[in-house]
Amino acid sequence: MLLKNTYNEFIKIIAKPRSYIGLGVLTALILVILFAMKADGTSYISFVTASFEQTLSFNGNILNGNLIAFIILQMLIVHIPLLVALVTGDLISGEAAMGTIRMLATKPISRTNIVLSKFIAGAVYTLILTLWLAFLALAVVKWMFGSGDMIVLNSSGLVILQESDILWRYAYSFIVAYLALLTVSSLSICLSAFADNSIGPIVSTMGIIILFTIIGSLDVTVFDSVKKFLFTTHMASWRSFFEDPIAIKEIWQSIIILVVHNILLVTIAVVKFNKKDITS
């Protein structure tokens, strides 16, 4: 019954026009970045490598698909949460707004499984969005710009990764990025259980992300003990796969914290929906 209800919930998602907005906007943003890189990408790369050109000599195709895919991820990973919340934020509250929540609760399935089916359907949509990002950022970009060794500028300096050592890093980085986006999906669905309209959970989700991001960026001692527990702190942990050596311990810590957030948010949503008054 859970699988059947999950299928029905996913059908509801793909039946809504807003579900395609995320895919369309994501495609448009990547095309804009590709156009900019095609038109003046060399100047952009020169700006990044200028401080190293006095001591290092760069040969070959620096502006290749591997580097541009990294740039795309760096630019878009902070914007995709809005596209996720736009769809998942009304999975429960949308039912209340349309007045179908009573009919939903009369199905021969527990309220807990109703919530779980919505979480699973939201997770599948988030996965599709992530896979579409991966396809555009890797397959399409490499087709346009070719492949090659990759230079990455991080806090420890300039890292040069060989072409044969890159693909698996992207595979794992997209898995971690998906887990981060899944947390956003879980947050918006959880907030949706408390609301009776579609706009509230979407706006609240983005507000929480902005608040947590600001707290994480403030260099204030009072927030030091809190930052490591905020899921926004770990949304960029995918970057760790492009370091040498890879910070395995930090990556696992991020994964654990993101998983705990997802479990906690699902639990809160289940408890709230089971107590929700659908008669008013």
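List of remarks:
- Hydrodynamic radius of region 2-275 per Kirkwood, over alpha carbon pairs, in Å: 20.2 Å
- Most fluctuating residue given options Lys12, Lys118, Lys249, as computed from a GNM of the chain linking Cα atoms under 10 Å: Lys249
- ³J(HN,Hα) computed for each position of region 189-195 - Karplus, 6.51 cos²θ - 1.76 cosθ + 1.60, integer Hz, glycine/proline x: 5, 4, 5, 5, 5, 9, 10
- Normalised contact order of the chain, rounded percent, pairs of Cα under 8 Å and 6 or more residues apart: 26 percent
- Segment Val25..Asp40, full-extension length gain: 3.2 nm, with 0.36 nm per residue of separation and the alpha-carbon distance subtracted.
- Neighbour-count order for His234, His261, His79, fewest beta carbons within 10 angstrom listed first: His79, His261, His234
- Shown is the FRET efficiency for Leu211 and His79, computed with R0 = 25 Å from the Cβ-Cβ distance and rounded to the nearest 0.05: 0.90.
- Phi angles across region 127-144 convert, under the Karplus curve 6.51 cos²θ - 1.76 cosθ + 1.60 with θ = phi - 60°, into 3J(HN,Hα) values of 5, 4, 4, 5, 5, 5, 4, 5, 5, 5, 6, 10, 5, 5, 5, 5, 5, 7 Hz, Gly and Pro given as x.
- Across region 211-226, rounded Karplus estimates of 3J(HN,Hα) from the backbone phi angles (6.51 cos²θ - 1.76 cosθ + 1.60, θ = phi - 60°) give 4, 5, 5, 5, 4, x, 8, 6, 8, 10, 4, 5, 9, 4, 7, 9 Hz, Gly and Pro being marked x.
- Rounded to 0.05, the FRET efficiency of the Lys228 and Lys275 pair, given R0 = 22 Å and the Cβ-Cβ distance, is 0.10.
- Least to most buried among Arg102, Arg169, Arg111 (fewest other Cβ within 10 Å first): Arg102, Arg111, Arg169
- Lysine pairs in region 2-275 with Cα atoms under 28 Å, if 8 or more residues apart or on separate chains: 24
- A straight chain from Lys142 to Arg18 at 0.36 nm per residue would run longer than the Cα-Cα distance by 41.7 nm.
- Residue order, fewest to most surrounding Cβ atoms within 10 angstrom, among Asp149, Asp40: Asp40, Asp149
Any read-out appearing in this document is the output of simple, stated calculations on the displayed coordinates, not a laboratory observation. Only a predicted model underlies this, so the values are computations on that prediction, with no experimental measurement involved. As a convention, Cβ positions derive from the backbone with ideal geometry for all residues, glycine included, and neighbour counts pool all protein chains shown.
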